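This report refers to the structure that appears directly beneath it.
No lab work stands behind these numbers, since they all come straight from the coordinates. The structure displayed is predicted, hence computed values, not measured ones. Virtual Cβ from ideal backbone geometry, glycine too; neighbours counted across all protein chains shown.
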Amino acid sequence: MPSQLTNRLGAWLTFLDAHGIEGLSGSGFDWIGIDLQLGTATLDGLPGLLRACELNRTPALVRTSGHSAAEIGRALDAGEAGVVVPMVESAAQAAAIAAACTFPPAGVRSSGASRSAIAAPSLLQPEGKVLCLALSLGPE
């Protein structure tokens, strides 16, 4: 309902530094964006960055470097609140990305002994839902 929508203030980060994220997440931001497409943040460094956000209970959104279902799944398995997927240029691409974020039968995302399954099981959505999926639309 539009009357319940409010603006949220977030910080967008392109660097791989848990200390910086820890400080920002405790500074009153409603969310932290971690950019794996541009900058120095990497998928391998993501769990440490997410732990820094969790210290202050600040949700994290992660922009993936592309459309790979494997990268989207690994990013979600790391335990963030959602993903931002860049350069979406068609309805077919958007549908494939949504499927990569969603468990069967609605999607194709797999699960296992991941960080989100062990440390934050509430982030797993067995009924086929993802907490947040944002698509960055391309030129069309």
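Given q = 0.13, 0.26 Å⁻¹, what are the Debye log10 I(q)/I(0) values for segment 11-57, with equal point scatterers placed on the Cα positions and solvent ignored?
-0.22, -0.90
Report the paramagnetic label zone for residue 110: residues of segment 70-100 whose backbone N is under 13 Å from a point 7 Å from Cα along the Cα-to-Cβ axis.
So the set is 70-71, 73-74.
Under the 0.36 nm per residue contour assumption, what length would be gained going from the current alpha-carbon distance of residue 9 and residue 38 to full extension?
Full extension of this stretch gives 8.4 nm more.
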